[in-house]
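Written out below as C-alpha cells is the structure these notes cover.
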Amino acid sequence: MIKTEHLRYAYQTDTEETIKFVLDDVNLTVNKGEFVAVLGHNGCGKSTLAKHFNGLLLPSGGMVYINGMNTKQEDLYQEIRKNVGMVFQNPDNQIVATVVEEDVAFAPENLGVPSDEIRHRVDEALKTVGMYELRLHAPHLLSGGQKQRVAIAGAIAMEPECIVFDEPTAMLDPKGRSEVIETMLKLKNEKNMTVVLITHYMEEAARADRVVVMDRGKILRDDTPKNIFSEVKFLKGLGLDVPQVTELCYLLAKAGIPVPQDVLTVEECADALMQLL
Amino acid sequence: MLKDITLGQYFPIESPMHRMDPRSKIVLLIFMIVAIFIADNPITYALVTVFTLLIILLSKVPIMMYIKGLKPILFVIIFTAVLNVFLTPGTKIDLWGYTTPMTWEGLILAGKMALRLILLIIASSALTYTTSPIILTDGIEKLLKPLSYLKVPTYELAMMMSIAIRFIPTLIEETEKITKAQQARGADFDSGSIFKRIKALAPMLVPLFVSAFRRADELAVAMESRCYQGGEHRTRLREIHFKGIDLIAVLVFVLFFAAIIVLGILF
Amino acid sequence: MAIQISDLNYIYMAGSPFEKLALHDVNLTINDGEFIGIIGHTGSGKSTLIQHLNGLLKPSSGTITIGDTVITDKKADMKALRQKVGLVFQYPEHQLFEETVYKDIAYGPKNMGLSQDEIDERVREAMNYVGLSEKYMNRSPFELSGGQKRRVAIAGVLAMRPEVLILDEPAAGLDPAGREEILTQIRALYLERKMTVLFVSHSMEDVARTAGRIIVMNKGTVAMDGKPSEIFSRAKELREMGLDVPQITRLIDELRARGVAIDNSIYTLERAKATLQMLIAKKEKKEQGDATC
C-alpha cells in the first residue's frame, strides 16, 4: 500500500545555513489492511513522514510509492490523494463547511462525483463514524471527539484504501480520544482499511498491529507492540512512555521476580501476577 | 455578547422556504427590499407587513429567533426614531398643555422608518435562516456566473465567503479566550484615553492574527488532502434547481409587487 | 492564600434559550499552600469554576473569599485580585504577542505598574523557574518550539508573583517528555514558593503524580474531594463519570476481583511494585514452609 525507499527530507531555515534532515533514510512498508502506529516524541519527524504519504510533501531524496504510484509523478497526485485520506490534529482547522453533512461531502464534490452518489457516500460515511443523527448540525457546536469523527467521515467519503491519522487525539479529552480510537479500529476491522496512526500516546500505539519508533528522522524499531514495549529502558531513553503495567512488570523482573516482559494490558498483567500470588 | 448575533445563522429544519432555490430567494429578497422602500401609504405598509409575516410562517423558524435577530440593531432603530421625532419640521405635539419640540410628522416618519428597518432585518434573516451558507454562496456564485466570462474568479470568491462564515464562530470563541487570558495578566481594555485603548488592543489582536494565519495554513493543507483543486469539475451534494415551489413563489411575489405599485399609485 | 467558596451557582447565558446551569452548590475550602488537582471531563464545570477564582466570571449567586477579600463583592478590586491569583489558560502559548520573550513575560508586571528594575528582576526569575535560559530573552516567542512557547506563557503569569497559581491543562498536547518536564517544574515551584496551586487536568495519571488533594467535578458540582488514595479507591465511580483511572488502579481492582487481598488505595507504580513484591515473597515463604512440613 505505502512504501518508502531511502526517503530523505530536508528543509533550509532562513536563519541557519545548515541543512537539517527531518527525515533520514526512512524505509517503511505498510501493507494493505494493516494498522501501523508511528511513535515518537514531538519533532522526531513523524508528522513530516505522514505528509509524504499523500504527496503533500515530496521527498528531497529517495522515493515514496502509494499502490505502486510514485508521489513525484505530477499527473498522479490527485489519484494518490484519493487513495490516502488524512485526518489532522486540530479538529477545528479541517472542517470547511457550516453543516456536518456538507463538510463530509467536500471531497467527493471536489472529485466531481455525481450528486446521488455523493448523498450515498455521505450517509454511509456518517453512519460508519456514528454521526448520522447529527448530520444537520453546525460543526462548531460539536465536542472535540465528534468534530474529529466528522473529519474522519470526510476522509472516508473519498473512499480511500488507507487513512493516515496525524496525532488525531492530541487535543481531545479521554472520552473524545477513545471515540476516535474506536472509530479507527472499526475502519480497520470492518471496512478492511489500512490505518496509519501517528502518535505519542503509547496506549494508542499498543492497539496497532505494528509499531514503528522514530527519533531524529530515523526509524529505530519496527516490530509488534509486544516486542517494542518490552524494551522499557530504550523507550524511556527516547522520552517516550510505556503502559504502566508494562513498566510494573519490568520493575518486578528487575527485582528478580519471574514475570513476562511483554504484557500490555491490565488483564494480561493480572493473569501473569495470578501465577505468582 | 458577541455570541448573541444571530444574523447569518442557518436554522437547520425542513420548510417550504428551505426547499427553495437560493437564487430565487436572493433575487426575491432584493425585490422585497425595494418593495419595503416604495411602500408609502397605510395600505401598502399593511401589505408588506402581512407579506413579511407570511414569510416568517413559511420559514417555520420560531418567531423568537427573528426577534433575537433584531436585538443588535435595536439601538439603531431607537436612535433614528428619536432623531426623526425631534428633527422633522411640522406641527408640534402638545402634551399636558406644553408644546414639545416633537412633531406629529416626525412621529409618523419615525414609525415608518422603524417599521421599514424591522421588516428589512426580518426579510434578510429569513434568507439566512433558511439557506445554509454553502448553498447561499452557491446561489451567489451562480448568480454572478456571467461575471466569470469577464475573468472574475466567481467560484473562488464564493469559497472564500463560505469559509469566512464557517470561521466566524471559531474566531469569536478565540477572541473571548484571548481577552480573558490577557485580562488575567492585568490587561485593561476599557479605561484610559482612546489612544491608550487602541494600544491596549495589541495583546488581543496580535495573537488573534497569528492564530488566524495558523488556521488558514492548516485548513489549506486539509483541503488539499481532500482533493480540492478549485472550481472546475466540481459537483455538489445538493445541486440547486429551479423547482415548482420557486415558480409558485415568484408568481405570488410578482402579484404582491404589482399590488404594491398599483396601490401606491392609487392612494 | 486560602480560598473559601460557598454556595456557588453559575448560570451560563442566563435569560437566553441556551441557558444552562453550569455550576451549582459548589462549596469548597482550599487551605493556604495546598497542591490540588481538579479533574472532570469536558463540560463538568471545572474550567468555569477556575475562571470564577480570579473574577473573569461573576457567580449568579454565592460567595468566594480569597485571603481576606470577598471577591464576589461588587466593590472588590479586580486588578489587585488578578495579581494575587495567577491563571494559566489551556494552550497559553496562543496568547503570546510581543516581539521578544522578555517583553512578553514583562507584560503582566508592567500592567501592575512596577518599576523597571523590579520588572527586570521578575522576568529573569520567572524564566529561571520555567527553565528557559537567558539566551532566549531577545528571541521572538514565535520562533520557539511548542514546548518553549508554553513555558514563556507560564513565565508570563509567574512574573506577576501570584500567591495562588491556577493551571488549566498545562500539559495538554505535549509529548511524554514535555509533560514530565512541565509537571516537575510546577511541583518544584510549588515547593519553593509555597504558593497554593490548583491544577486542572483530565489526566488522572498526571494528577496522581503531583497533587496532595483531588477534587472531582461532575455535572457542575463537586462529586468527590479527598486524598488521592481515597479518590482512586473509588475507581468504579470515577469510570462511571467518564474519567480514566490510572492503569495501576485498574490492575489493583482486577486483582481484588480475582480474590487477591491487596490494598485498594494503591495508585502509584512504586507502591504497587513494593506491595506486590511483598505479597509474592510472603507467598513463596509460605510455600517453602508447606514443602518442609
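The values are calculated or read from the model by the stated rules, or taken from the named source; none is laboratory data. Here the structure is a predicted model, which means the values were calculated and not measured. No Cβ is skipped: glycine too gets one built from the backbone with ideal geometry, and neighbour counts run over all protein chains shown. The area values use the complete protein model at the heavy-atom level, side chains included, leaving out ligands, DNA and RNA. Shrake-Rupley method; radii C 1.70, N 1.55, O 1.52, S 1.80 Å.
Considering only segment A:17-136, give the strands (runs of 3 or more DSSP E) lying wholly within it that have at least 1 residues that are modelled with pLDDT of 90 or more, open to solvent by 70 Å² or more (accessible area, probe 1.4 Å) and more than 9 Å from chain B (Cβ to nearest Cβ).
Values: elements: A:19-30, A:35-39, A:61-66, A:84-87.
By residue number, A:19-30.
What is the number of the single condition among (1) within 13 Å of chain B (Cβ to nearest Cβ); (2) assigned to a loop (DSSP other than H, G, I, E, B); (3) β-branched (V, I, T) that A:T169 does not meet?
Looking at each condition in turn, A:T169 falls short on (1).
Is there a residue in segment B:192-210 that is farther than 30 Å from A:R81 by Cβ, among the polar types (S, T, N, Q) and more than 14 Å from chain C (Cβ to nearest Cβ)?
So far as segment B:192-210 goes, yes, one or more of its residues are farther than 30 Å from A:R81 by Cβ, among the polar types (S, T, N, Q) and more than 14 Å from chain C (Cβ to nearest Cβ).
Return only the number of the condition from (1) within 11 Å of chain C (Cβ to nearest Cβ); (2) farther than 30 Å from A:K147 by Cβ; (3) outside any loop (DSSP other than H, G, I, E, B) that B:K177 does not satisfy.
B:K177 satisfies every listed condition except (2).
For A:V232, work out the one condition from (1) open to solvent by 10 Å² or more (accessible area, probe 1.4 Å); (2) more than 9 Å from chain C (Cβ to nearest Cβ) it doesn't fulfil.
(1)
Scan segment A:215-234 for residues that are of a type in the set (D, E, K, R) and touching a helix residue (DSSP H, G or I) at 6+ places or on another chain (Cβ under 7 Å) and report the count. Step through it out loud before you land on a result.
Narrowing segment A:215-234 to residues of a type in the set (D, E, K, R): A:215-216, A:218, A:221-223, A:226, A:231, A:233.
Next cut, touching a helix residue (DSSP H, G or I) at 6+ places or on another chain (Cβ under 7 Å) only: A:221.
Summing the residues that are of a type in the set (D, E, K, R) and touching a helix residue (DSSP H, G or I) at 6+ places or on another chain (Cβ under 7 Å) in segment A:215-234 gives 1.
Sort through C:V123, C:V88, C:V101 and tell me the only one that's at pLDDT 90 or above, β-branched (V, I, T) and within 27 Å of C:L28 (Cα to Cα). First the steps, then the outcome.
Working: C:V123 fails: within 27 Å of C:L28 (Cα to Cα); C:V101 fails: within 27 Å of C:L28 (Cα to Cα).
Testing whether each residue is at pLDDT 90 or above, β-branched (V, I, T) and within 27 Å of C:L28 (Cα to Cα) leaves just C:V88.
For the structure I just gave you, tell me whether A:L240 is in contact (Cβ under 8 Å) with a residue 60 or more places away in the chain, touching a helix residue (DSSP H, G or I) at 6+ places or on another chain (Cβ under 9 Å) and buried (at least 21 other Cβ atoms within 10 Å of the Cβ).
Details: in contact (Cβ under 8 Å) with a residue 60 or more places away in the chain: yes; touching a helix residue (DSSP H, G or I) at 6+ places or on another chain (Cβ under 9 Å): yes; buried (at least 21 other Cβ atoms within 10 Å of the Cβ): yes.
Considered against the rule, which asks whether it is in contact (Cβ under 8 Å) with a residue 60 or more places away in the chain, touching a helix residue (DSSP H, G or I) at 6+ places or on another chain (Cβ under 9 Å) and buried (at least 21 other Cβ atoms within 10 Å of the Cβ), A:L240 comes out as yes.
How many residues are outside any loop (DSSP other than H, G, I, E, B) and surrounded by 19 or more Cβ atoms within 10 Å (Cβ to Cβ) if we restrict to segment C:1-47? Break it down stepwise before answering.
If we filter segment C:1-47 for residues that are outside any loop (DSSP other than H, G, I, E, B), which is where we start, we get C:3-12, C:20-30, C:35-39, C:46-47.
Next, only the ones that are surrounded by 19 or more Cβ atoms within 10 Å (Cβ to Cβ) stay: C:3, C:5, C:8, C:10, C:22-23, C:26, C:30, C:36-39, C:46-47.
Residues flagged as outside any loop (DSSP other than H, G, I, E, B) and surrounded by 19 or more Cβ atoms within 10 Å (Cβ to Cβ) within segment C:1-47 amount to 14.
Given the conditions (1) open to solvent by less than 40 Å² (accessible area, probe 1.4 Å); (2) within 21 Å of the chain's Cα centre (by Cα), and given that C:A76 satisfies all but one, which numbered condition is not satisfied?
(2)
Show the residue pairs that are 6+ apart or on different chains and have beta-carbon atoms under 7 Å apart, the first residue being within segment B:233-246 and more than 14 Å from chain A (Cβ to nearest Cβ), the second being buried (at least 16 other Cβ atoms within 10 Å of the Cβ) and of a type in the set (D, E).
These pairs meet every condition: B:F242/B:D21; B:K243/B:D21; B:D246/B:D21.
Within segment C:145-200, restricting attention to residues that are among the hydroxyl-bearing types (S, T, Y) and more than 14 Å from chain A (Cβ to nearest Cβ), which residue is least open to solvent (accessible area, probe 1.4 Å)? So that I can check it myself, show each step before the final result.
In the first step, residues of segment C:145-200 are kept if they are among the hydroxyl-bearing types (S, T, Y); the result is C:145, C:184, C:190, C:196.
When the remaining residues are screened for being more than 14 Å from chain A (Cβ to nearest Cβ), the result is C:190, C:196.
Details: C:Y190: 38, C:T196: 0 Å².
In this case the residue turns out to be C:T196.
Under 24 Å from the mean Cα position of the chain (by Cα) and closer than 15 Å to C:L251 by Cβ: which single residue out of A:V245, A:V211, A:V232, A:V259 fits that description? Lay out the reasoning, then the answer.
On the way: A:V211 fails: closer than 15 Å to C:L251 by Cβ; A:V232 fails: closer than 15 Å to C:L251 by Cβ; A:V259 fails: under 24 Å from the mean Cα position of the chain (by Cα).
When all the criteria are applied, what remains is A:V245.
Any residue in segment A:204-228 that's in contact (Cβ under 8 Å) with a residue 12 or more places away in the chain and surrounded by 21 or more Cβ atoms within 10 Å (Cβ to Cβ): show its pairings with residues that are of a type in the set (K, R) and in a helix (DSSP H, G or I) at Cβ separation under 6 Å, as long as the two are six or more apart or on different chains.
Taking only residues 6 or more apart or on different chains, the pairs are A:M214/A:K46.
Anything in segment A:139-166 that is out of contact with any Gly (no Cβ under 8 Å at 6 or more places or on another chain), in a loop (DSSP other than H, G, I, E, B) and buried (at least 20 other Cβ atoms within 10 Å of the Cβ)? List them, or say none.
Within segment A:139-166, just A:A157 meets the criteria.
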